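A short worksheet on the structure shown next.
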Amino acid sequence: MPRMTDVRSLLSQALSSALDAVCPGHALTVPSVSACHDARYGDYQSNVAMLVAAAGNLAPRELAASVAGALRLEDLCAKVEVAGPGFINFHLRPSRIAALIAEMAADPHNGIASAANPRRIVVDFSSPNTAKAMHVGHIRSTFLGDALARFARAVRHEVITDNHVGDWGAQFGMLIHGYNTRLDREAEKRDPVAEFERLYREVSQESSRNEETREKARRELAALHAGEAESVEVWKKIAELSLAEFEKLYRRLGVRFDHCLGESFYNPSLPEVVAELRRLGIAEESEGAICVFFREDPVLKDAAPMMIRKKDGAFLYATTDLATLRHRAREWRADEILYVTDARQKLHFQQIFAAAEKWAGAPGNSLLASADARLPRLRHIVFGSVLGADKKPIKTRSGDPIKLADLLDEAEARALKIIEKKNPALSAEARRAAARVLGIGAVKYADLCQNRNLDYVFDWNKLLALQGNTAPYLIYAYVRIRSIFRQGGIAPLGQTLPPPSVLSHDAELALAKKLIQFGDTVHAVLDDCRPHLLAGYLYELSTRFSRFYETCPVLKAAEPDRGARLLLCDLTARVLQRGLGLLGIETIEEM
RNA sequence: GCGCCCAUAGCUCAACUGGAUAGAGCGUCGGUCUACGGAACCGAAGGUUGCAAGUUCGAGCCUUGCUGGGCGCACCA
């Protein structure tokens, strides 16, 4: 069901009734209308005539001409014409564009319409492992998940963000053993996670050579599983200190979670989940393990089954994910769940989703809150890897993953250097603030401006570049607008400005036409969870603003141009700020 | 072996999900040049969309087969 802005829905409705009149009985329900990619053709276009003509064996151009003739759009369009193989092109009246701009400026949502069917959406993202530092491998999930949550909230879905941290697993045997026998308290105080990594590395290396160490680690793991107080205490401490470190990074990134229910939270329910799946005939024993087979699935039947309990009785990733799904479906009543994890987990989630279908379909299941409840829509939001200049997954020179904290430090340091060179007049405090926003914004934007399912090459020079599709370019456009307002002594953003009575200059109209597509673009992002569509939009908006800025003086213009241009500037700034905000990127007033 | 993803200008990426003459940035060449912030703007050159068929009014996008690359496939997460 397509959502449309006022313009698009008006045109679509008009086309629909014209089509009914000209060609009764046609099968098309909602004529599609899209913005023209090329201004030569007009502002909006529709291909309905070609679709209906093809279905009814008619001549497309003739049908288009009679549909266009039956349209009553004189007040909205200056011109409607048939072109090419049968397109109907619409040219909006400048006066209507001005009216739409005024409307958008007065709208607290700036033209972002509410979702047609608001849902409760759980966004599962970031998910670092405790006792390990967050690194580049976490940035895409974190940025994407946070951005998608922001987009969903912007169209008034109810959003629950959940950080499914990896705080359980076999590695804790070694960690606890290491913690008890060789902890460096000073190091723990300085950088607890780094110390945990050291402990794990040492014990792990030693146990590959030393049977005794291996045995001690195994005993610690058993003690933890058995809930022995001493072991649990150490485990808790490791988790708490790790989460506190993560929280520092999230604060720095402006990322927020409603919940942080890690793997351990679901631990107590795993035996019960496995038992239920066996009872319902969904899981079965195979070679001593408990597995779910997908024999009826044309794709999954050839892959290995999904194991939910090992031969030794231990549970797995899949088990936890099923328990987690149950909690979200039954307790949270989620309508939809987004799993923002990398593409390598595709098969895993296919299996989880297929198992969930079976589970939800089984009478007496505990997955859903009630018999008439439906399984949430489950979507795996896949993304590619971050590559270094050598086109291999990015690493430090020593081969370790780059720590997120180091990455952000470097981003800010590089941004600061550029700002110092470009604008030495700025106060030290303003420079630091700008460096933070630009540095972190640049890293986020570089990630979010590209199609998520592709790998991308991480390149400092490109992401901090001042030209091209980058955060600095967009923020610069914003800063220039704010500077106009400072010069003119009209400081606050979003103040009440008189509606534009005229938009006559080409650059004004081009900018205005882009502005009124903002809400549509936000919805398009959510259709396929692709924030790069909005990034592309913001970049185009900025280039149109730059062109406008070159050719249309604002403060020096005479009325009524001055007022109209001020409003265009103000609305552009607000759309840039709001749009960047959806991507999790801040703006600054000076740079 | 089976499955998934990818291949677009020299490089890094787009292309509103089947629409019109495939667009940007970088790099190259050339313009604007006392500017409401030049961290900008304008222009030129650059393409058989990996190859080959097919589907239809119309294909970078859908189908099939190749080639080349990445990833995943039973006791890790």
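The values are calculated or read from the model by the stated rules, or taken from the named source; none is laboratory data. Just so we're clear, the structure is a prediction, and the values are computed from it rather than from any experiment. Positions of Cβ are generated from backbone atoms using ideal geometry, with glycine treated the same way; all protein chains shown enter the neighbour counts. Please note that ligands, DNA and RNA were not included when accessible areas were found on the heavy atoms of the full protein model with its side chains. Shrake-Rupley method; radii C 1.70, N 1.55, O 1.52, S 1.80 Å.
Residues in the stretch A:527-548 that are free of Cβ contacts under 8 Å to residues at least 60 places away in the same chain, near RNA strand B (Cβ under 7 Å from one of its atoms) and open to solvent by 40 Å² or more (accessible area, probe 1.4 Å): A:ASP527, A:ASP528, A:LEU533, A:ARG547. Note on the stretch A:468-485: residues that are open to solvent by less than 30 Å² (accessible area, probe 1.4 Å) and either over 20 Å from the mean Cα position of the chain (by Cα) or near RNA strand B (Cβ under 6 Å from one of its atoms) (or both) amount to 9. Evaluate the following for A:LEU503: is it touching a residue at least 60 places away in the same chain (Cβ under 8 Å) and within 13 Å of RNA strand B (Cβ to nearest atom)? In short, no. When A:VAL67 is tested against the conditions (1) farther than 24 Å from A:THR521 by Cβ; (2) within 9 Å of RNA strand B (Cβ to nearest atom); (3) of a type in the set (A, V, I, L, M), the lone failure is (2). Quick check: is even one residue across the stretch A:566-573 among the hydrophobic types (A, V, I, L, M, F, W, C) and near RNA strand B (Cβ under 9 Å from one of its atoms)? Scanning the stretch A:566-573, I find at least one residue that is among the hydrophobic types (A, V, I, L, M, F, W, C) and near RNA strand B (Cβ under 9 Å from one of its atoms), so the answer is yes. The set of residues in the stretch A:18-56 that are within 19 Å of A:ARG72 (Cα to Cα), in a helix (DSSP H, G or I) and more than 10 Å from RNA strand B (Cβ to nearest atom) comprises A:ALA18, A:LEU19, A:ASP20, A:ALA21, A:VAL22.
Taking the stretch A:296-311 as the range and being over 21 Å from A:LEU378 (Cβ atoms) and surrounded by fewer than 20 Cβ atoms within 10 Å (Cβ to Cβ) as the test, the residues that pass are A:ASP302, A:LYS310, A:LYS311.
Looking at A:ALA465, A:ALA428, A:ALA413, A:ALA435, which is the one that is more than 9 Å from RNA strand B (Cβ to nearest atom), open to solvent by less than 30 Å² (accessible area, probe 1.4 Å) and out of contact with any strand residue (DSSP E or B) (no Cβ under 8 Å at 6 or more places or on another chain)?
After ruling out the rest, the residue left standing is A:ALA435.
Entry remark, the stretch A:487-519: residues being over 19 Å from A:GLY42 (Cβ atoms) and part of a loop (DSSP other than H, G, I, E, B) number 15 in total. Checked against (1) within 8 Å of RNA strand B (Cβ to nearest atom); (2) within 13 Å of A:TYR478 (Cα to Cα), A:ILE585 passes all but condition (1). When you look at A:PHE383, is it of a type in the set (Phe, Trp, Tyr), assigned to a loop (DSSP other than H, G, I, E, B) and buried (at least 17 other Cβ atoms within 10 Å of the Cβ), yes or no? So A:PHE383 fits the description; yes.
In the set A:ALA314, A:ALA405, A:ALA369, only one residue is open to solvent by 30 Å² or more (accessible area, probe 1.4 Å) and under 20 Å from A:PRO128 (Cβ atoms); that residue is A:ALA405. One residue stands out among those in the stretch A:549-565 that are in a helix (DSSP H, G or I) and among the charged types (D, E, K, R): the one that is nearest to RNA strand B (Cβ to nearest atom), which is A:GLU550.
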